[in-house]
Structure formats: structure tokens, C-alpha cells
1. Report the calculated FRET efficiency for residue 53 and residue 2 (r = Cβ-Cβ distance, R0 = 30 Å), to the nearest 0.05.
2. How large is Rg/Rh for the stretch 1-101, to two decimals, with Cα atoms and a Kirkwood Rh?
3. Compute the relative contact order of the stretch 1-101 as a whole-number percentage, counting only Cα pairs closer than 8 Å that sit 6 or more residues apart in sequence.
4. Please work out the FRET efficiency for the pair residue 114 and residue 12, using the Cβ-Cβ distance as r and a Förster radius of 41 Å; give the result to the nearest 0.05.
5. Compute the distance in nm between two label points, each set 7 Å from the Cα along the Cα-to-Cβ direction, one at residue 28 and one at residue 164.
6. Take the Cβ-Cβ distance between residue 83 and residue 154 as r, set R0 to 22 Å, and report the resulting FRET efficiency rounded to the nearest 0.05.
């Protein structure tokens, strides 16, 4: 069934329609949340918050065709909320989970990448993660973050330029 019809049904209060919409893109939602939060439980919690927000606010959605970009924007905001809360406290369970999740080589590469990315401004980190870890195109990133396309390209360029200087070598776009 067409997305617009599912959204219209969800707007009328049909919970099953909303569940179908969410389930159709569940892996994309999870990947997006995981890129921000780097933790399975937090990613799932952010998704739950997003579903509640979408359910409560779906009647405000004017254009049914943009449901997925709208809901992903809500998810990004939920992830940012979790990050703000996480900055106030660090869970020992999070540290344990991350240490057992990845194999050693991937873990080493991830630590190095995270170390370099952490030296960048938040805005550059966010763009690089969305572009290269989720493989989103520039326009999708612009829509998701509600910023101009030129800003996405600029942040990506400067963020990659800084990383290139830290890694050594020439920057290629």
C-alpha cells in the first residue's frame, strides 16, 4: 500500500497503520539511532520515544509524503535528548556492552575513528557520521537536520579536511 494511504490511516487514529509504517523502516531507524548513540539499548529507547512522539503529533503532519523524513527528524531529536542526558551520567553497563560487542580489530578501528571524530565540532561529527556511517546523500542529511544543502557540504568538507590533516595525506572529495 502507498505510504500516503498508511499515513492518512494513522492520522485517523489507526495504530496498526502507524505500526506498519514504522516496521517498514525499522532497520533504517535503528541504524540512525545507533550512529548517534553507539549503544543498542539507548538506540531502542530513542526509537520508542520517537514512536510515542510520532503517534502524538502525526495529525500535525501536513504532507503525508514526507512522513519518513519527518519521523527521522523526530528520532534525531530524541537521540540528542538521550545524549544530553547521558552526558550527565555514565553507565558501567554501557562500557561493558561496548567492550564485548565488537571484535578486536573493529574495536580498535572504531576507537581510533571515534578519537579523531571527537576532536571535531559536533556539527562536523554529525554530518560525517550521517554521510559515511549511514551512507545518506547530502539532500537527505539537509532534510534530516533542517539545514541548507550548502551547509551540509561545507561542514562535511571542513570536517573531512580536519580529519585528513590528523591522519595525514591529501583530502579528496
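1. Working: r = 24 Å, r/R0 = 0.78.
Efficiency computed from Cβ-Cβ geometry: 0.80.
2. On the way: Rg = 15.0 Å, Rh = 14.3 Å.
A ratio of 1.04.
3. Here the relative contact order equals 30 percent.
4. Numbers: r = 44 Å, r/R0 = 1.08.
In this case the efficiency is close to 0.40.
5. Taking the simple label geometry, residue 28 and residue 164 are separated by 3.1 nm.
6. On the way: r = 23 Å, r/R0 = 1.06.
My answer for the efficiency is 0.40.
Each value in this text was obtained by applying a stated rule to the coordinates, not by laboratory testing. Values in this document were obtained by computation on a predicted structure and should not be read as measured data. Positions of Cβ are generated from backbone atoms using ideal geometry, with glycine treated the same way; all protein chains shown enter the neighbour counts.
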